[in-house]
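To start, the structure under review is shown below, and the notes come after it.
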Amino acid sequence: MLKQMEGSHAVAQAVALCRPEIICAYPISPQTHIVEGIGEMVKAGEIVNCEFINVESEFAAMSVAIGSSATGARTYTATASQGLLFMVEAVYNASGLGLPIVMTVANRAIGAPINIWNDHSDSISQRDSGWIQLFAETNQEALDLHIQAFKLAEELSLPVMICMDGFILTHAYERVDIPTQEQVDAFLPPYEPRQVLDTHAPVSIGAMVGPEAFTEVRYLAHEKQMQALELIPKMAEEFMAIFGRDSGGLVRPYRTEDAETIVIAMGSLLGTIKDTVDEMRDAGVKIGVLGITSFRPFPLDAVRQAIKHAKRVVVLEKTFAVGIGGILATDVRTAFFGIQMNAYTVIAGLGGRPITKTALHELFEKAGRDDLIPLTFLDLDWNVVNKQLARERQKRRSGPAAENILRDVSSTAAHIS
Amino acid sequence: MNKPFAITLDPGSSLANHTGSWRTERPVYVDRLPPCNSQCPAGEDIQGWLFHAESGNYEKAWQHLTRDNPFPAIMGRVCYHSCENVCNRGQLDAPVGINSVERFLGDEAIRRAWKLVPPAAETGKHVLIVGAGPSGMSAAYHLRRFGHRVTVYEAGPLLGGMMRFGIPKYRLPRDVLDAEMQRVVDMGVEVVLNTKVDNILDTMQTGKFDAAFLAVGAHIAKRAFIPSGEVSKVVDAISVLRSMEGENKPMLGRRVIVYGGGNTAIDVARTAKRMGAEPIIVYRRTRDKMPAHDFEIEEALQEGVMIRWLSTIKQAGDTNITIEKMELDASGFPQPTGEFETLEADSVVLALGQDVDLSLLEGVPGLEVSDGVVKVDANMMTGQPGVFAGGDMVPTERNITIGVGHGKKAARNIDAWLRGATYVAPPKHQVATFDKLNTWYYADAPKTVRPMLDIIRRQSTFDEVQGGLDESTALFEARRCLSCGNCFECDNCYGVCPDNAVIKLGPGKRFEFNYDYCKGCGMCVAECPCGAINMVPENN
Amino acid sequence: MSFQPVKFYQTGTFTVGNRLLAPQERSVQANMERTNSLNSGHRACQGCGEALGARYAIDAAMHATDNQLIAANATGCLEVFSTPYPETSWQIPWMHSLFGNAPAVATGIAAAIKIKRQKGLKDDVRVVAQGGDGGTTDIGFGCLSGMFERNDDVLYICYDNGGYMNTGVQRSSATPPAARTATTMPVGPQPGNVFGQGKFMPAIAMAHEIPYVATATVADLRDLEHKVKKAMTFRGARYIHILVPCPLGWGSASQDTIKLSRLAKETGMFPVFEAEYGELTNSSKIRRLLPVEEYLRPQKRFAHLFGKSPAVATIARLQALADKNIRKYEMLDKEAN
Ligand SMILES: Cc1cc2nc3c(=O)[nH]c(=O)nc-3n(C[C@H](O)[C@H](O)[C@H](O)COP(=O)(O)OP(=O)(O)OC[C@H]3O[C@@H](n4cnc5c(N)ncnc54)[C@H](O)[C@@H]3O)c2cc1C
Ligand SMILES: Cc1ncc(C[n+]2csc(CCOP(=O)(O)OP(=O)(O)O)c2C)c(N)n1
Ligand code: SF4
Ligand code: SF4
Ligand code: SF4
Ligand SMILES: [Mg+2]
């Protein structure tokens, strides 16, 4: 059924259709609308046999989820940014214990300075946590990925994080196709836990493991993610069969066939990139896009296949590893093993900074001329940066950088207006 | 379940980890000797029989008790219960009323006609016992249990010895005495009454006895020289008390002077009181120096017996006596003061102790007599092989329980001797001293006091003075036992072990250590209320 | 007394068992068929009070729930000594997640059980969460308070050994004043843990007005079992705080674990009581009141108080704390005195 609705609500609907049993909720923008929506449905009796728990922190949210999932209940929670960091210890724990929890991360920057707007720093910070991380490009895909996520998680006994851009997707009203309950039921069987706290078959879950077995345990976690590499495309096919939609999968190549330049990115940004690419293709530029849906496991082979014929890749990412540069770019480079490739890392959209088509055009053209430096900060205001650096060189105690910058920015803004 | 590797484990799998290897010391269950048992002259396993009484299984308790002493109803009345003096509970509140529970069991047994264990298969050996007092009858009982043929020769007309002809009825009712004597006879003991053995070797030879146990007691009253007039009536306590058993009650008059400070003096004075007299005990030292037990003195005083301490009789006239006041010297001996007093007296009863009539032993080779008593070795045998002796006639403190103990000990030795062996007593356990106990666990429980007959009847009748416990009070009293040194299945060790290294074997079967897991922390030892666990070094 | 003690059967109800009692009146631990929820082979130190307390409590809970019990465990000694790969000592469904989240994990378990029962599960499965004092009063405090406040159907059991023992005896907010720990060394002008800090979790639990709060020690098994069983008669959040001596951390002899628990109560250092919906309903009376020295002396963590010149003033301050407990929690039997 086609409906115009907010992205958060679309996700709430999708989760509701998956017959969740436990929802743990803690407010943080821009995730809040999702759990609010689910909470209302539970309270109204629209979702039956489901417990909606208002916890006291994200740490508790994930911990409750760990308990319920280990007891065999289909469990869901959502968070973002600071909330995700607040639950980190439990995030690692959930995957370490192999619990198929599904969590939405409405991607948002991490402070300080505190910032509620979108980038991917939060999810990406958890790239080594052992969770599967799938990035949605559109609200429809976000909705679809949640349905796939439960199935994937439960088949592998691994938690899955669905990453969707905060505000850009969560708060955007778009038309989405809401599947029927029958469709979802046909796709997603009831949860059959691999391990469960059962009074009739007691086990101890969460043993302390020493050097004698720890490496094996970690390797097996990796192995599971490798299995996910095979399972994710299969699941997309099954999804297609039932829902008639091409959603999910590992990567999404777009006009890459003969591309000399391939832009690699994740999430909603792909839409803007595709528009730009379309325009450049119209202008005869051999450029394509590779969207990464599955960031963890990282589809090295698929990436390699998609880019091997190109001359260069531009990795455009909404994250930034201070002190080195790109994060997605580093992973992409791992796919180059044995091939010669020019790769450019572009950091963009941090803390909600708009990424305009104009800027992208300029960027891609430069890339096409191999005129880019290895690490580019899209739209960085050098003026502001240099002023602050100069201040700091002058005086050791120059005051908080953020405030100084704000002063500079607003004076700049005053000039503009 | 296809469980995740290493993270999810099967229940209880730690049993594979034998933590017993950590141990440097190991706990072991022990049985220590309770002080009461250690003290009991008859060698009763007091804690052992109380254990059964505690659960209300009185018959089992009685059976357990009578393994050592066939006379609980008698003991429960006249034994001086030195066991109670050493009872560890005495250091907590008051000793367990062992004696009163014993009496309860004895009385129950009589009331319910419980049977002693039948004798073992007949051995064909024949043992002579001379004297049917407590010692002789105890030996008869034990020898019969071994399966020996036993014949008791008794000079008097009835069984019981001094228990019948000394101890007054108000302390030991005769039906009780009869019942417990008869029970031994019923085991197949042959009794020949009114027959005094004059020559032991002759009697043994004539009767073809294989061994003999002598327990003739001490019946010859000691005399003291008191200048006295023609008509003054001076008699000895033993004959007074003995004649109480016959038809002709003694004629002592109204004003009776009893001379002496032992239990016999008290008994005779109290007897006189009950016959309507006004007895006065004259004793040369102070109350605390009196050999009589203080509770007996107290009871006598309650009944109206008067006592003149620090006095000796100087002269006995027709209707009065002269006494001289004494005072104690620095070393506690009474010294005359030269102060005299006259007391009215219809008669004087001497209660100055007894000697043994050793005439039946004359001419027996190897026999050693000193201080008027017969010497025996550690096995109760006299210098004459096959002739054993015990009770008042051997060097000992004189009381019934010691006599009973001698009877038991002699029986065991006679049994061994008849087999050409020597009896070796099993080694004694270490005594369970107070410091071995963890008394926290025992609930507070004051001692139960036995009822006493009202004073009027105590002064005018021979009804039993001290009552017994009833079922509930006896049970309570039994349960005051701390079970010193012997597991009473409180489950503490089983419960407090942090390593579940104690295996409970079930009711009556006690416990076992599982040394595979015991880490040797010692908690079970520390928390055993009764000290029934010992910690010993691990020898690798 | 939290339960009707047997007035006099030789040991009354002081000992673990009492063969003179009717079987139904006997303790769970006296039972030959007790579950031994925490089985042999665990790696707790010799004489560990926590190992003992855990078996006491969980066996009682198993008994009360007809073996329909699931446990969540915080990180700490109990977890480490019971479940090092490849062996576990637990015989019940048990889960360890993290140090500070046991109450929340338990909430999740309870919620899942609730849904399973809605969907037809017949067994009335109940949930306990357990942890050390560090896991409870410090790092797990937030999750615990949240669980209390939501009144989730969880019994939380804190095994209080007065410090972070598993990491080598550091101070927690449950470490008593003056006690030596690795982070409150007996040096300087105020040796040992300072006065005027710390918190008493049972009182905080009471402030949440949850259905049931109780304290207990491993010295009084009957009382402990009674409280666990009673806790299981309530629905909603419940809290039991059990004092468990730690020979390693306290510097006490391994055989003194129970003795010290006993002394903690008899001196007033640790009040033993029950509360329902925030109100004190019962307190165990001191049987033989003793000065705090009796409790302090056998523990090396207080050894610095008893050197050549005893720290009289410090001991007096500890006595004052005990006296306050005695007053506040009505530890003396007024009728008996
Ligand atoms: C008045 C009095 C009160 C006492 N009260 C107590 C008391 O309360 N508690 C206590 O423990 N003790 C008491 N005693 C002491 C106790 O009675 C004796 O220690 C005990 O009876 C000694 O036992 P026995 O078997 O050695 O000798 P006896 O009891 O004296 O028995 C010896 C028996 O041998 C018989 N006999 C003697 N010679 C011969 C022979 N040649 N041939 C055949 N038979 C012979 C005697 O007739 C007698 O029956 C009391 C003693 C007296 C005198
Ligand atoms: C988040 C976190 N911080 C610290 C630790 C380290 N740690 C593990 S156990 C423990 C001490 C546990 O103390 P307590 O809860 O009192 O239990 P005990 O070991 O004393 O029984 C600490 C500090 C940890 N595992 N996780
Ligand atoms: S603790 Fe109790 S059960 Fe164990 S040996 Fe001692 S008395 Fe017997
Ligand atoms: S309590 Fe257990 S571990 Fe400790 S010594 Fe006794 S049996 Fe051994
Ligand atoms: S350190 Fe303490 S709490 Fe930990 S196992 Fe040892 S005794 Fe038990
Ligand atoms: Mg602790």
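Below, the figures for the structure above:
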read-out	value
Burial order of peptide ranges B:288-294, A:310-316 (average beta-carbon count within 10 Å, highest first)	A:310-316, B:288-294
Highest to lowest packing among C:45-55, B:348-358, A:266-276, B:462-472, scored as the average C-beta count within 10 Å	C:45-55, A:266-276, B:348-358, B:462-472
Extension gain (nm, one decimal) between residue C:334 and residue C:235, 0.36 nm per residue minus Cα-Cα	32.3 nm
Residue-level accessible surface for residue A:86, protein heavy atoms, 1.4 Å, Å²	120
Extended-chain gain in nm, criterion 0.36 nm per residue less alpha-carbon gap, residue B:220 and residue B:15	66.3 nm
Kyte-Doolittle mean at least -0.5, axial Cα span of 15 Å or more - DSSP H helices of chain B	B:98-112, B:174-185, B:400-418
Cβ-based charge dipole, the protein assembly as shown, positive-most Cα from B:5, A:55, B:37	B:37
Average other protein chain Cβ within 10 Å of Cβ, residues C:253-262	5
Alpha-carbon Debye profile of region A:251-377, log10 I(q)/I(0) at 0.19, 0.22 Å⁻¹	-1.02, -1.45
Rounded percent of accessible protein surface that carbon and sulfur make up, chain C, 1.4 Å probe	52
10 Å Cβ neighbours from other chains, averaged over peptide C:31-42	6
Efficiency of FRET from Cβ geometry, residue B:425 and residue B:539, R₀ 41 Å, rounded to 0.05	0.90
Label-point separation in nm, residue B:378 to residue B:463, each point 7 Å along Cα→Cβ	5.2
Long-range Cα-Cα pairs in region B:276-352 (distance over 22 Å), rounded percent	26
Cβ-derived FRET efficiency at R0 30 Å, residue A:305 paired with residue A:216, nearest 0.05	0.45
Euclidean distance between Cα centres, region C:231-284 to region A:365-407, Å	61
Hydrodynamic radius by Kirkwood, which averages 1/r over all alpha carbon pairs of chain A, in angstrom	22.4
Cβ-based charge dipole, chain B, positive-most Cα from B:456, B:307, B:211	B:211
Extension gain (nm, one decimal) between residue A:229 and residue A:281, 0.36 nm per residue minus Cα-Cα	15.6 nm
Relative intensity, log₁₀ I(q)/I(0), of chain B from a Debye sum that treats every alpha carbon as a point, q = 0.05, 0.10, 0.12 Å⁻¹	-0.27, -0.91, -1.19
Interface area, C with A, accessible, probe 1.4 Å, both sides summed, Å² nearest 100	3000
Per-residue SASA entry for residue C:180, accessible area with 1.4 Å probe, Å² rounded to 10	100
Probe 1.4 Å, accessible area per residue of the protein assembly as shown, Å²	39
Distance (nanometres) between label positions extended 7 Å along Cα→Cβ at residue A:336 and residue B:327	12.5
Alpha carbon Rg of region B:223-353, scaled by the compact-globule rule 2.2 N^0.38 Å	1.00
Accessible-area order (highest first, 1.4 angstrom probe) of the listed residues B:417, C:250	B:417, C:250
Projected area averaged over orientations for region B:378-417, convex hull of C-alpha atoms, nm²	2.6
Magnitude of the charge dipole, region A:2-243, Cβ model with Lys/Arg +1 and Asp/Glu -1, debye to 20	180
Carbon plus sulfur fraction of accessible area for region A:251-377, probe 1.4 Å, in percent	53
Loop chymotrypsin sites (Phe, Trp or Tyr not before Pro), region A:115-150, which have at most 13 other Cβ atoms in a 10 Å radius of their Cβ (DSSP)	none
Cβ neighbours within 10 Å from other chains - mean over C:2-15	6
Nearest 10 degrees, 0 to 90: helix A:7-17 Cα axis against chain A principal axis	20
Region B:223-353 - percent relative contact order, Cα under 8 Å, separation 6 or more	33
Projected label distance in nm at residue B:452 and residue C:173, using a 7 Å step from Cα toward the beta-carbon	6.6
Mean shadow area of region C:32-328, taken as a quarter of the surface of its Cα convex hull (nm²)	15.1
Binned Cα-Cα distances of the protein assembly as shown, short to long, each 20 Å bin given as a whole percent	9, 26, 23, 18, 11, 8, 4, 0, 0
Sites residue A:44 and residue A:172 - FRET efficiency at Förster radius 35 Å, r taken between beta-carbons, to 0.05	0.90
Nearest-20 debye value, the protein assembly as shown charge dipole, Cβ charges on Lys, Arg, Asp, Glu	1640
Estimated [θ] at 222 nm from DSSP helical runs (n ≥ 4, -39500 (n - 2.57)) normalised by residues in chain A, nearest 500	-13500 deg cm²/dmol
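The values are calculated or read from the model by the stated rules, or taken from the named source; none is laboratory data. Fair warning: this is a prediction, and the values are worked out from it, not measured in the lab. Glycine also receives a Cβ, built like all others from the backbone with ideal geometry; neighbour counts cover every protein chain displayed. What goes into the accessible areas is simple: the full protein's heavy atoms, side chains included, and nothing from ligands, DNA or RNA. Shrake-Rupley method; radii C 1.70, N 1.55, O 1.52, S 1.80 Å.
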